[in-house]
Structures are given as structure tokens and as C-alpha cells.
Amino acid sequence: MNKNDSYDLVIKSPGRINLIGEHVDYNGGHVLPAAIDKKITLKLKKNNSTHITVYSKNIDSEFTIDLSNLNRSSIEWHNYIIGVIYYINVLKPNTVKGFDCYIDSNLPLGSGVSSSAALECGIAKGLNELFNIGLTDLEIINLSKDAEHTMVGTKCGIMDQFTVVKGKKDHLLLLNCKTNDYETIKVNFGDYKLVLLNTNVSHNLATSEYNVRRGECETAMKTISAKYNDLQYLCDVKPDVVKEFKNLLSEKIYNRALFVSKENQRTLKAVEAIQRNDLQTLGALLYKSHEGLSKLYEVSCTELDFLVEYSKKFDQILGARMMGGGFGGCTINLIHKDFVENLIEEISIAYRNEFSIDLTPIAIHIGDGVKI
Ligand code: ADP
Ligand code: MG
């Protein structure tokens with residue numbers, strides 16, 4: 001398959017950042033993500049057959065399967081595509097016909113900017129258009145999430161898919177993951193910029209530990225809701241109420257619950273800080289978030305902790321934290337625009353000296369959601 005072949009349509013599907021509110025989406029909490037200008041490009045055309053052929057330039061590999069055989073593959077990236085088609089079929093049987101798809105991307109894979117949701121939602125939006133299926137955005141968001149749960153095995157929340165589909169240029173989304181209500185919040189950080197620093201590690205604990213954390217949150221909620229049966233999600237539980245359960249939960253489960261409850265409150269405090277242009281407070285909340293993710297929720301790693309700790313040396317950096325599921329990927333940093341280059345130079349050397357790995361900086365521009 002060649003990128004110069006003619007295609008019926010081209011889809012640009014963005015990655016996402018999340019300013020704050022990590023690991024709260026599957027706990028019914030508030031998150032503050034945005035789509036970014038780095039994207040997966042998918043070119044699609046009908047092939048008038050019963051099979052699909054998909055090529056990824058990033059993986060440099062192609063696969064062909066028959067639409068009558070949508071089973072889980074042993075190769076991970078195939079499952080994002082197979083899963084999406086499987087769940088479109090559940091909602092709208094026999095609407096997806098044979099197609100060819102060419103994929104290229106400038107989104108790093110497995111770095112916490114959600115290349116996975118970009119891939120799922122990109123293919124779902126594209127097939128919806130190509131075959132005139134009539135799925136709503138919310139159906140696309142949910143079926144993409146279901147594909148990731150079932151075919152890939154990550155029990156992710158709704159944030160990534162929601163942001164990829166609903167993102168808006170120059171705005172953060174304040175998304176309530178319990179109700180799927182959201183508002184857009186204009187971003188204007190003045191002299192400050194958001195920069196990602198990619199550790200270029202992705203420890204293979206990421207998927208398994210993600211699902212373990214989800215289970216730990218459910219365990220906490222079972223005990224808490226036995227007393228407070230009107231509370232359904234961990235994010236409905238205020239930190240002071242979590243504290244009542246200090247002796248009833250194991251230390252580990254208690255720490256998980258306390259982190260989630262506080263992180264949800266931090267998202268709401270961050271929005272207030274943004275609205276009164278108080279970037280110092282916003283930055284402090286980012287540092288607090290990282291501390292909780294690292295010490296209470298235990299989803300950080302030495303590389304991420306090193307970068308966040310290092311950033312604290314500089315007054316020009318207001319805040320930093322790990323972003324995404326954890327165990328590698330990127331940190332998100334709020335930095336004075338005049339200091340970005342200096343920081344990147346200095347921290348890259350320090351990081352290489354410590355881990356013998358090159359750091360990749362990613363400048364962030366907030367963009368729109370998936371486009372055809
Ligand atoms: P993240 O979503 O943070 O990037 P994940 O581990 O959730 O990390 O998803 C990364 C996986 O998504 C990759 O390992 C691959 O299977 C799939 N993927 C993402 N982008 C592409 C691409 N351009 N081509 C093929 N597969 C991709
Ligand atoms: Mg992902």
C-alpha cells in the first residue's frame with residue numbers, strides 16, 4: 001500500500017494532553033484534557049471486497065483479514081482496528097464493508113498522549129463517514145473505549161476517546177466523567193507554555209497495573225459504599241470521608257482512595273486558578289498531583305520522578321507532573337516561554353547522564369478533535 005494511492009477520504013485524529021485529573025475518569029471524576037496538534041493520519045478507500053487491508057507506516061507492517069473473522073489478534077495494534085469494527089457491527093450490523101487503510105502518524109506511541117484513542121476514534125469516525133453508518137459522536141467515543149477494554153485489554157476510562165473526538169482549538173475540556181457533561185475553558189497562559197518531556201520509556205507494567213488500580217478503587221468503594229450507600233464513585237467521596245476509613249481499609253487501598261478523591265478536587269481547583277489567572281496555584285497543583293501519583297497511587301517511575309524533581313530547581317517552571325497512565329511516557333510542564341530552550345538543553349543532558357536515554361521535548365499546541 002502506498003501513501004500516494006488515491007483514497008476516498010483522509011482523517012486527522014489528534015492525541016491529547018491532560019492538564020490535571022489523572023486516573024479519575026474511571027472513578028467518575030473531573031478531568032481537564034485537550035486535543036493537540038500532533039495526529040494520526042488515516043487514508044481510507046472502499047475496496048469492494050469482504051476483507052480489510054491496513055498498513056501502518058509507523059510499525060512498517062500490513063495485515064489483511066476477512067470481515068467474517070473479527071477475532072482478537074496476537075499482534076496488539078491490529079486489535080484496535082478489529083475491536084472498533086467489531087463494536088460498530090454490534091450497534092449497526094453489516095454496515096462496514098471491505099476497505100483499505102493507510103496509517104501514518106507523528107504521535108509517539110505508548111507515551112501517554114493517547115495514540116491508542118487517536119487510532120480507535122480515527123478509524124471509527126472514518127468508517128462512519130465512508131459507509132455512511134450514522135453513528136453519533138457519543139457512540140463513537142463509547143465503542144472505541146469498548147474496543148480498548150475488550151480487544152486490547154486496557155480498562156481505560158472515557159477521557160481519551162472523549163477528548164480525541166470533542167477537542168476544541170485553544171480550549172481545555174472540563175469533563176465530568178460521571179455524566180459526560182463538559183464545558184470548554186479558553187486557555188491563555190500568557191508568558192507560560194505547556195511542554196511535554198517524553199522519557200522515551202514505557203515500562204511493560206503499564207497495562208496490567210492500570211487494571212490493578214481500577215480493581216483497587218473498586219475494592220475501596222465496596223467498603224465505603226457499605227456505609228454511604230448513596231455514593232457510587234470514588235470521586236463522589238470527599239477526602240475527609242475517605243479518612244474515616246483509614247482503619248477499615250488496608251494502607252495501600254486507603255492511599256489509592258485518598259489520591260483519587262484529592263485528585264478530583266485538584267481538577268476543580270485548577271479550573272478556578274485558571275479562571276482567575278493564578279498560574280502559581282495551578283503549578284503547585286501540578287506538583288501535588290505528581291506527588292500523589294508517585295507516592296499514594298504508585299504509577300510513576302524513576303525516570304518520571306527524576307524529571308519532575310529536576311524541574312523544581314527552576315523558578316521559571318511553575319509546575320510539572322507525569323501525564324497519562326504512568327510507568328513511563330511524558331511529563332507535562334508549565335514553563336516561562338523564555339526558559340523553554342534553556343530547560344530542554346539542561347534537562348536533556350542531566351537525563352542522559354542519569355539514564356543513558358535521550359529525552360524528547362514536545363511543544364504543545366491545543367487543537368481540534370478528529371477531522372475528516
Ligand atoms: P498511548 O495511548 O499513550 O500512546 P497505548 O499503549 O495506550 O499508549 O497505545 C499505544 C498502542 O497503540 C501502540 O502500541 C499500537 O499498538 C497502537 N498504535 C498507536 N499509534 C499507532 C500507529 N500509528 N500505527 C499502529 N498502531 C498504533
Ligand atoms: Mg492509550
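Does the range 180-203 contain any residue that is within 16 Å of ligand 2 (Cβ to nearest atom), assigned to a loop (DSSP other than H, G, I, E, B), among the polar types (S, T, N, Q) and under 17 Å from Ser114 (Cα atoms)? There is no residue in the range 180-203 that is within 16 Å of ligand 2 (Cβ to nearest atom), assigned to a loop (DSSP other than H, G, I, E, B), among the polar types (S, T, N, Q) and under 17 Å from Ser114 (Cα atoms).
Of the residues making up the range 154-178, just one is part of a helix (DSSP H, G or I), among the charged types (D, E, K, R) and away from ligand 1 (no atom under 12 Å from the Cβ), namely Lys166.
The residue list Ile317, Ile332, Ile253 contains one member that is within 17 Å of the chain's Cα centre (by Cα) and either buried (at least 17 other Cβ atoms within 10 Å of the Cβ) or of a type in the set (A, V, I, L, M, F, W, C) (or both), which is Ile332. One residue alone among Ile75, Ile133 is within 14 Å of ligand 1 (Cβ to nearest atom) and either out of contact with any helix residue (DSSP H, G or I) (no Cβ under 6 Å at 6 or more places or on another chain) or under 27 Å from Ser300 (Cα atoms) (or both), and that residue is Ile75. Beta carbons closer than 6 Å, at least 6 apart along the sequence or on distinct chains, pair a first residue in the range 43-65 that is within 19 Å of Ile372 (Cβ to Cβ) with a second that is aliphatic (A, V, I, L, M) and open to solvent by less than 40 Å² (accessible area, probe 1.4 Å) for Leu44/Leu9; Leu44/Leu130; Val54/Ile81. Cβ contacts < 6 Å: first residue within 12 Å of Gly29 (Cβ to Cβ), restricted to the range 229-240; second residue outside any helix (DSSP H, G or I) and aliphatic (A, V, I, L, M), any location; separation 6+ or different chain. Result? Within 6 Å, the pairs are Cys235/Val24; Val237/Leu231. For the condition open to solvent by 70 Å² or more (accessible area, probe 1.4 Å), away from ligand 1 (no atom under 16 Å from the Cβ), under 17 Å from Tyr26 (Cβ atoms) and within 19 Å of the chain's Cα centre (by Cα), what is the one hit in Glu263, Glu298? Being open to solvent by 70 Å² or more (accessible area, probe 1.4 Å), away from ligand 1 (no atom under 16 Å from the Cβ), under 17 Å from Tyr26 (Cβ atoms) and within 19 Å of the chain's Cα centre (by Cα) holds for just one of Glu263, Glu298, which is Glu298.
Counting only helices (runs of 4 or more DSSP H) wholly contained in the range 252-355, the ones carrying 3 or more residues that are over 27 Å from Leu109 (Cβ atoms) and not small (Gly, Ala, Ser) occupy 279-291. Of the listed requirements (1) of a type in the set (S, T, N, Q); (2) surrounded by 15 or more Cβ atoms within 10 Å (Cβ to Cβ); (3) over 24 Å from Phe162 (Cβ atoms), Asn79 misses just one: (3).
The values are calculated or read from the model by the stated rules, or taken from the named source; none is laboratory data. Fair warning: this is a prediction, and the values are worked out from it, not measured in the lab. Here the Cβ is made from the backbone with ideal geometry for all residues, glycine too, and neighbour counts use every protein chain on show. Ligands, DNA and RNA are stripped out before the accessible areas are found, and what is left, the full protein with its side chains, is counted by its heavy atoms. Shrake-Rupley method; radii C 1.70, N 1.55, O 1.52, S 1.80 Å.
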